[in-house]
Each structure stands twice: as C-alpha cells, then as structure tokens.
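J.: Next up is a structure, given as structure tokens.
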Number of protein chains: 2
Amino acid sequence: MPYLKKCTPENEPVDCRILTAALELFVERGYHNVSVHDVQKRANVSIGSIYNHFGGKEGIAKALYHHLINEFDELVQDVLAEASGARARCNLIIQRLFEYTETRRHIIAYMLHAKHREFMPEEPPLCSSSPFVALRDIVRQGMEDGEIRQGDPWVITSVLFGGAIRLVQLRLDGVIDAPLMTHYEELVEATWQGLGSA
Amino acid sequence: MPYLKKCTPENEPVDCRILTAALELFVERGYHNVSVHDVQKRANVSIGSIYNHFGGKEGIAKALYHHLINEFDELVQDVLAEASGARARCNLIIQRLFEYTETRRHIIAYMLHAKHREFMPEEPPLCSSSPFVALRDIVRQGMEDGEIRQGDPWVITSVLFGGAIRLVQLRLDGVIDAPLMTHYEELVEATWQGLGSA
DNA sequence: GTCTATACGCTGATAGAC
DNA sequence: GTCTATCAGCGTATAGAC
C-alpha cells in the first residue's frame with residue numbers, strides 16, 4: 001500500500017512524517033549528505049522521536065528499504081494477477097514502473113539511485129529480494145513456454161529490463177523531459193523485436 | 001593510457017600512488033566511507049602531500065573522474081578507428097567494456113557505481129561527457145544508414161547498452177560468477193534480434 | 001512518547017618545521 | 001615538496017526533564 005504517499009501533511013502520524021521527510025531528503029541530497037537534524041527539521045519532530053522510532057539514521061534507511069521492497073512486491077503480485085503470459089507480464093511491469101516513476105518518483109529514485117550496500121552492509125541485496133526472484137521466475141517460465149528466447153536467465157533478464165531501467169534513470173536525472181510512458185511502445189517493440197532496422 | 005594501472009608498486013610517483021589507493025578505497029567502501037586518513041595510510045603518503053597534490057578529498061575524486069572520462073574516450077576513439085558501421089562499433093564497445101570489467105574492475109566500478117553528483121555537484125554529468133556524446137553519434141549515424149531501427153535516440157541507446165550495463169553491474173556486485181565475455185555472444189544476439197523466441 | 005541540551009568521536013583541513 | 005601535530009566543525013547518539 002502507498003503508505004508513504006499519504007503522510008505528507010503535518011498532522012499525520014509521527015513515524016510516517018519522519019519517513020517521508022527522510023525519503024525526500026535522501027533522494028534530493030543523497031543519504032550521506034543528510035543529517036539527522038535535517039530530517040528532524042523537515043519532519044517537524046524532535047531528534048528524540050527519531051531515535052525512539054527508528055534508533056537512528058540507518059534505522060530510517062532500513063525501514064524505507066523494506067517498505068520499498070514491499071511496494072515492488074505488491075506491484076509484481078498485482079501484475080501476476082492481472083496478466084498472463086511472460087511477455088504480457090513483463091510489459092505490464094515495465095509500464096507500471098514507468099507510471100510509478102512519474103507519480104512517485106522518490107520511491108523509484110531511492111530504489112535505483114541509492115547504493116544501499118554502502119550504508120546498510122548487512123541487508124541482503126535488492127536483487128535477492130522476493131519481488132526480484134518472482135520477476136526472474138516469470139522470465140524462466142516464459143522461456144519454458146517458448147514465449148521468450150532461450151538463454152542464460154541473467155542475460156535475458158538484463159536485456160529485457162535493462163533498457164527500461166536506463167530510461168528510468170535518465171528520466172530521474174532530468175535528461176529525458178517527456179513522461180516515460182511516451183516511450184513505452186517504442187521501448188517494448190525495440191526490446192522484443194530487436195534493434196536491427198525494421 | 002592505463003595510467004593508474006602502472007602505479008600499484010610503492011616506488012611509483014606520489015600523486016599516482018594516491019590516486020590508485022583512493023580509487024581502490026572508494027570502490028571498496030564507497031566515497032563517503034573513506035577518510036583522507038585512510039587514503040594516506042594505504043598510499044604510504046602524508047596528509048600534507050595529499051592536500052598539496054589534490055587540495056583535498058574532493059580533488060582526488062575529480063581527478064579520478066576526469067581520468068575515467070579520458071580512458072573511456074580513448075576506448076571509443078579506438079573503436080571508431082578499428083571498426084566501421086554502427087553495429088560493429090557498438091558491439092566492439094560492449095566487448096571492450098566487458099574486458100575492462102574483468103581486467104580493470106575498479107575504473108569500471110567507479111564509473112558505474114559512484115553517484116558522482118552526490119559529492120561533485122558542479123561537475124557535468126557523465127552522459128554529457130565527450131565519449132558518451134560520441135557514442136550517441138554512432139547510434140544516430142546507424143539510424144541514418146538503416147543499420148539500426150529508427151526511433152528516439154535515448155530509447156534506442158538505452159536498449160542497446162542497457163543490457164550490457166546491467167550485466168556489468170551484476171558482475172561487479174558478485175551476482176554473476178563467470179567472466180562477462182562468456183555472455184557476450186548471447187547478449188549481442190538477444191539485443192539485435194529481440195527477445196521473442198528464436 | 002516527546003522534547004532540549006549536551007557529550008564525544010571522527011573528518012576535513014591548516015600551520016609550520018624540515 | 002613532504003611531513004607531523006593540531007584545530008574547528010559537524011553529525012551521531014545519549015541523558016534526563018516534561
């Protein structure tokens with residue numbers, strides 16, 4: 001559930017205000033350029049509250065991290081329910097990713113930009129989390145069913161989503177001006193049909 | 001030229017020792033988790049020398065950044081000289097990228113992993129640097145010549161190199177065990193032919 | 001649970017001898 | 001140019017009142 005989305009106003013629960021403020025700041029300036037005091041100010045909370053709720057800066061980062069994984073997990077599960085067939089499912093995931101990038105850019109930016117291992121060394125890497133495992137399962141199934149070209153799962157998955165991920169990064173970096181969905185059709189076709197002149 | 005490569009031994013020039021030490025540390029722990037003292041120790045130099053040569057930690061980061069851009073620029077220029085045609089050139093760039101990832105992983109890691117804007121806000125972004133411009137020119141030319149599918153340059157370029165970049169990242173993160181060149185043929189074919197079942 | 005004030009370590013940076 | 005010793009500031013974390 002878009003928990004963080006609802007907590008922007010000031011009269012929301014404390015822990016929620018802290019998370020939204022921290023997420024914004026982390027994305028704007030980068031984790032290391034944000035102090036607990038910064039978060040405290042933007043969230044209109046005292047430092048004590050932050051340590052009470054999350055035990056410190058890294059605690060906030062971890063909470064955001066798990067939150068993020070949950071959100072992406074829901075996205076994948078929704079797609080599994082709504083579409084069938086590997087190709088349709090992968091395309092729908094890309095579409096949702098593009099939509100999220102426009103409507104909830106902070107979460108996506110935190111997912112893609114943050115080098116989580118750098119400040120949460122003990123957390124398992126993103127690509128071993130459940131939504132990413134589910135995603136690779138979709139690809140594997142698609143290969144079995146003959147919907148997707150045979151090959152090493154990592155390679156195929158990289159080609160499948162590599163283009164979309166790059167576009168999201170370029171969009172987040174302000175290099176691409178148009179909303180990502182503008183390029184959806186073209187991306188999907190180029191990925192499935194190949195880059196050879198049509 | 002692989003300037004940094006040659007400076008590992010202790011009897012090399014001071015500025016070079018500083019750069020190699022810093023590069024290693026930045027990649028291992030992340031820029032923000034490395035102090036000037038750490039660099040000083042590993043390079044067997046005094047702090048004073050570091051400030052004399054580079055003016056501080058950020059100065060080192062900038063020097064590495066420009067060094068990196070130069071190296072990548074040479075790579076692209078070499079490819080332009082060695083191969084002709086957009087497709088052959090792009091493939092060769094990917095091949096060289098894969099080789100570099102194995103033989104000189106630190107540079108590649110610094111290029112892909114580091115969030116340079118986070119600690120060098122005033123430096124222009126990587127994708128506006130000359131090698132990346134040259135790279136997009138190759139793609140543009142390829143579209144004109146009918147070698148590459150028509151479309152938005154950003155989208156096409158993302159699809160073209162997105163898969164390779166993802167693979168490099170996965171390799172650097174230790175997710176992929178085999179040397180990247182193992183997957184080169186498969187990647188290139190999947191990218192150009194598309195992911196539909198062959 | 002929330003707040004303020006405070007302690008303390010680390011880090012980037014400088015001064016000045018050699 | 002290189003070094004050592006030292007400083008000042010910031011940022012995390014805690015103590016203790018309310």
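J.: Which one is nearest to the chain's Cα centre (by Cα) among residues in segment A:172-192 that are charged (D, E, K, R) and within 9 Å of another protein chain (Cβ to nearest Cβ)?
T.: It comes out as A:173.
J.: Please specify each residue of segment A:169-183 satisfying the condition of being touching a residue at least 12 places away in the same chain (Cβ under 8 Å) and within 19 Å of residue B:163 (Cβ to Cβ). Before you say what the answer is, go through the steps one by one.
T.: If we filter segment A:169-183 for residues that are touching a residue at least 12 places away in the same chain (Cβ under 8 Å), which is where we start, we get A:169, A:171-172, A:179-181, A:183.
Within segment A:169-183, A:169, A:171, A:180, A:183 meet the criteria.
J.: Listed residues B:79, B:45; which is at pLDDT 95 or above and assigned to a helix (DSSP H, G or I)?
T.: Residue meeting the stated conditions: B:79.
J.: Could you tell me how many of the residues in segment A:151-171 are over 26 Å from residue B:125 (Cα atoms) and either more than 7 Å from chain B (Cβ to nearest Cβ) or not in a helix (DSSP H, G or I) (or both)?
T.: Of the residues in segment A:151-171, 4 are over 26 Å from residue B:125 (Cα atoms) and either more than 7 Å from chain B (Cβ to nearest Cβ) or not in a helix (DSSP H, G or I) (or both).
J.: If I filter segment B:116-131 for residues that are in a loop (DSSP other than H, G, I, E, B) and among the charged types (D, E, K, R), do I get at least one hit? Steps first, answer last, please.
T.: Initially, segment B:116-131 is screened for residues in a loop (DSSP other than H, G, I, E, B), giving B:120-125, B:129.
Within this subset, residues satisfying the condition of being among the charged types (D, E, K, R) are B:122-123.
Among the residues of segment B:116-131, at least one is in a loop (DSSP other than H, G, I, E, B) and among the charged types (D, E, K, R), which makes the answer yes.
J.: Moving on. Restricting to segment B:82-108, count the residues that are within 22 Å of residue B:171 (Cβ to Cβ) and not in a helix (DSSP H, G or I).
T.: 1
J.: If you take the residues in segment B:29-63 that are within 14 Å of chain A (Cβ to nearest Cβ) and of a type in the set (A, V, I, L, M, F, W, C), which one is farthest from DNA strand C (Cβ to nearest atom)? Before you say what the answer is, go through the steps one by one.
T.: Here is the first cut: in segment B:29-63, the residues within 14 Å of chain A (Cβ to nearest Cβ) are B:29-35, B:57-58, B:61.
Retained after the next criterion (residues that are of a type in the set (A, V, I, L, M, F, W, C)): B:34, B:61.
Numbers: B:34: 6, B:61: 10 Å.
Among those residues, the one meeting the criterion is B:61.
J.: Assess whether residue A:60 counts as being more than 12 Å from DNA strand D (Cβ to nearest atom) and surrounded by 17 or more Cβ atoms within 10 Å (Cβ to Cβ). Working first, answer last.
T.: Details: more than 12 Å from DNA strand D (Cβ to nearest atom): no; surrounded by 17 or more Cβ atoms within 10 Å (Cβ to Cβ): yes.
No: the conditions fail for residue A:60.
J.: Yes or no: residue B:68 more than 10 Å from DNA strand C (Cβ to nearest atom), modelled with pLDDT of 95 or more and over 30 Å from residue B:138 (Cα atoms)? Steps first, please.
T.: Numbers: more than 10 Å from DNA strand C (Cβ to nearest atom): yes; modelled with pLDDT of 95 or more: yes; over 30 Å from residue B:138 (Cα atoms): no.
The answer is no for residue B:68.
J.: Go through segment A:135-149 and give me each residue that's at the interface with chain B (Cβ under 7 Å from one of its Cβ atoms) and part of a loop (DSSP other than H, G, I, E, B). Before you say what the answer is, go through the steps one by one.
T.: Step one: of segment A:135-149, the residues at the interface with chain B (Cβ under 7 Å from one of its Cβ atoms) are A:146-149.
A:146, A:147, A:149 - these are the residues of segment A:135-149 that are at the interface with chain B (Cβ under 7 Å from one of its Cβ atoms) and part of a loop (DSSP other than H, G, I, E, B).
The values are calculated or read from the model by the stated rules, or taken from the named source; none is laboratory data. The structure presented is a predicted model; accordingly, all values stated were derived computationally and were not measured. Counting neighbours? That spans all protein chains shown, and the Cβs are built from the backbone with ideal geometry, glycine included.
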